[in-house]
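Each remark here refers to the structure printed beneath this line.
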């Protein structure tokens, strides 16, 4: 394009010169320097002037022809446009972008390589945890603090029990994993009058279906007893849990089958007393206790939403006690933790002791239901006084229900508020109402004969109903308030104790931090 324009410009210039030179020559011949006509000299100079002009024109034509040839030669070459400034800038920017992208890839690869060897530390609503880069080693710190109050009432204005504030539980909970497959838990409790170790065990997790646990942990019998202390509906477990074993030292095989549709646990233990009694830490009679449980959730992973939260099963235990007072509960407790029944001081466990407990729960949206029935059959005898023995069969059952007023879904493992407490945003956490009824029936044979097996004043049966309101400010902070009333059937003719002489009426409150 540029060469064509140059060619046109050259031709125009030469043509103009051919026209202009004769005109300038004629004008110069007709006019003198002073503007007068010079007639005489024009004829004499005509031939010489024309010859000079023709030579100049010829020379110009030759130069133009040479230029035209050069222009034609340039036109025959491929166009090589010089890059303009925007094109150069774009090329430079593209090169810089490529350099930056490559540097980013190098930095990303370096970060991945560093992450593969850097420990991970997290802190949040689920507590503090640290782990190796490959998660083969994990350490977590959790905590549970429960500050309670108990206020007892009596119809005539008197009080029973001790009105008090108490630190019900204060537990740092250390959990973790070593070498990928070995989980551990160490949980001391600083609540109460003495420091105790509640959980201390190692669990080998070969697979979800096959796990082996050893140490001190909950015996796999009671449904309510197995529920974490953080998520129980009321401050205290029901009187139905009096008949199931508490934590014990032993070895247990357990696992979840088919994605949690079925679960099992089977273990051998020293032989613990019933739930509200003292946990046995050594095998005092050299006789082991066997405990097991199977539990089914047939629709847990199905699309049938209203049945996903249905679970049911059966648990039990068996042991053969030999003249051991340590394997008898020192007392069954009320909701207010007063003793309603205990064995006489000269009574020992002497023979077979078995338990069986059918159990189940149902959770659907805000609705929660939990129920269980327990039979505890114990052979006992007197170690002094009038010789006698008996096979005592005690029974208990309970059913509890709850409804989340704010609509969140309830579960066996608690609930999480959809909106945590924040009054500036008009958010108030989650609210749940709960109710429970429980019944405990002691064998009448414990109260018969000249010398009974039951301690004087013990009740032969108890019925307890409770109602409460739970406020979940967030996943970690919870406030409870509940009211419980327990009535008693008196056993034998002995004067009842202060605890069983009249119904127990008690108001509970709790502030809980669990993370």
In this structure, does residue 328 turn out to be touching a residue at least 12 places away in the same chain (Cβ under 8 Å), part of a strand (DSSP E or B) and surrounded by 17 or more Cβ atoms within 10 Å (Cβ to Cβ)? no
Quick check on residue 414: is it closer than 22 Å to residue 362 by Cβ and surrounded by fewer than 20 Cβ atoms within 10 Å (Cβ to Cβ)? yes
Select from segment 124-148 the residues that are within 16 Å of residue 512 (Cβ to Cβ) and part of a strand (DSSP E or B) and write down the one among them that is farthest from the chain's Cα centre (by Cα). 148
Among the candidates 295, 306, residue that is more than 26 Å from residue 462 (Cα to Cα), surrounded by fewer than 19 Cβ atoms within 10 Å (Cβ to Cβ) and at pLDDT 95 or above: 306
Based on what the data block shows, is residue 340 in a loop (DSSP other than H, G, I, E, B) and under 19 Å from residue 454 (Cα atoms)? no
Total residues in segment 412-428, condition part of a loop (DSSP other than H, G, I, E, B) and over 30 Å from residue 359 (Cβ atoms): 5
Give, as residue ranges, the strands (runs of 3 or more DSSP E) completely inside segment 346-411 that count at least 1 residues that are buried (at least 22 other Cβ atoms within 10 Å of the Cβ) and at pLDDT below 95. 347-364, 367-382
Would it be correct to say that residue 286 is at pLDDT below 80, part of a loop (DSSP other than H, G, I, E, B) and surrounded by fewer than 16 Cβ atoms within 10 Å (Cβ to Cβ)? yes
Suppose the filter is at pLDDT below 90 and in the same structural domain as residue 289 (by TED's automatic domain parsing); does residue 315 pass it? no
Working carefully through the options 460, 482, find the one that is assigned to a strand (DSSP E or B) and in contact with a helix residue (DSSP H, G or I) (Cβ under 7 Å, 6 or more places away or on another chain). 460
Looking at (1) surrounded by 22 or more Cβ atoms within 10 Å (Cβ to Cβ); (2) at pLDDT 95 or above, which one does residue 473 not meet, given that it meets all the others? (1)
What is the residue count in segment 413-452 for residues that are under 28 Å from residue 486 (Cα atoms) and touching a helix residue (DSSP H, G or I) at 6+ places or on another chain (Cβ under 9 Å)? 4
Quickly run through segment 439-454 and pick out the residues that are in contact with a strand residue (DSSP E or B) (Cβ under 6 Å, 6 or more places away or on another chain) and either modelled with pLDDT under 90 or part of a helix (DSSP H, G or I) (or both). 445, 446, 447
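The rows are residues; the columns are (1) in contact with a strand residue (DSSP E or B) (Cβ under 7 Å, 6 or more places away or on another chain); (2) assigned by TED's automatic domain parsing to the domain that holds residue 254; (3) modelled with pLDDT under 95; (4) closer than 22 Å to residue 269 by Cβ.
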| site | (1), (2), (3), (4) |
| --- | --- |
| 190 | yes, yes, no, no |
| 194 | no, yes, yes, no |
| 205 | yes, yes, no, yes |
| 208 | yes, yes, no, no |
| 214 | yes, yes, no, yes |
| 221 | yes, yes, no, yes |
| 236 | no, yes, no, no |
Scan segment 458-470 and tell me whether some residue there is assigned by TED's automatic domain parsing to the domain that holds residue 408, over 39 Å from the mean Cα position of the chain (by Cα) and over 21 Å from residue 162 (Cα atoms). yes
Could you tell me whether residue 497 is under 30 Å from residue 128 (Cα atoms), touching a residue at least 24 places away in the same chain (Cβ under 8 Å) and more than 24 Å from the chain's Cα centre (by Cα)? no
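The values are calculated or read from the model by the stated rules, or taken from the named source; none is laboratory data. Computed from a prediction, not measured in an experiment: that's the story for all the values here. Note that each Cβ is placed from the backbone with ideal geometry, even for glycine, and that neighbours are counted across all protein chains shown.
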